[in-house]
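Laboratory data are not the source of any read-out in this text; all were calculated from the coordinates shown. These numbers were taken from a predicted model, which means no experiment stands behind them. Neighbour counts are summed over all protein chains in view; Cβ atoms, including those assigned to glycine, are modelled from backbone coordinates with ideal geometry.
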Amino acid sequence: MNLSDNSELPINKHSQIFKDTTNSYKLLFFGALLDKISRVDDNTSLKIPVKDLANEMLLLAWYPSVYSHLSFGAQDQVAYTISKLSFNLSGTVFYGHSQEHKLRNAIADQRDKIQIDRLLRYVPYRLLTPFFKDELNGLKDGARNSKIYELAIG
């Protein structure tokens with residue numbers, strides 16, 4: 001399937017983003033990024049702080065984790081991070097815009113307490129790995145993040 005005729009858009013690299021996905025981090029990070037981008041208007045900056053994406057990751061995962069008890073995997077720390085969050089919808093299962101706003105604020109207010117930044121230790125770098133495959137070839141895992149950062153910032 002040809003997704004784009006634009007030769008400058010590396011569709012083959014985009015298709016590799018989720019190739020090695022054992023935890024929810026990449027999916028939640030990408031979902032948070034798409035959600036943030038979808039809310040951009042002409043007056044909004046396209047610079048999105050990574051910490052905002054971490055908040056959105058938990059926002060996306062909260063409902064399936066709390067109400068459906070969805071397991072994100074044995075090593076995945078998303079549900080554990082959510083479990084440390086002090087937030088209650090007073091027993092209701094309904095989740096709407098006003099509750100989402102309250103949850104977003106609770107996550108932002110408690111980000112240090114729940115150690116949300118731990119979720120971002122690797123995911124931004126792993127998401128970008130397919131775009132720098134040649135440049136990363138032969139590098140040990142410990143050197144990859146700094147190299148990806150260097151290449152991404154340009």
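Computed values, structure above
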| quantity | calculated |
| --- | --- |
| Helical segments meeting 20 Å axial Cα length and Kyte-Doolittle -1.0 threshold in the chain (DSSP H) | 50-66 |
| Net length gained if the chain between LEU120 and LEU9 were fully extended (0.36 nm per residue, minus Cα distance) | 37.4 nm |
| Three-way shape call for the range 4-83 based on the alpha-carbon gyration tensor, with the a/c threshold at 1.5 | oblate |
| Net dipole in debye of the chain [+1 Lys, Arg Cβ; -1 Asp, Glu Cβ; about Cα centre; nearest 20] | 480 |
| Net +/- balance of residues flanking THR21 in space, Cβ distance below 13 Å, scoring K and R +1, D and E -1 | +1 |
| Set LYS113/LYS140; LYS51/LYS133; LYS13/LYS140; LYS26/LYS133 screened for pairs whose C-alpha atoms are more than 29 Å apart | LYS113/LYS140 |
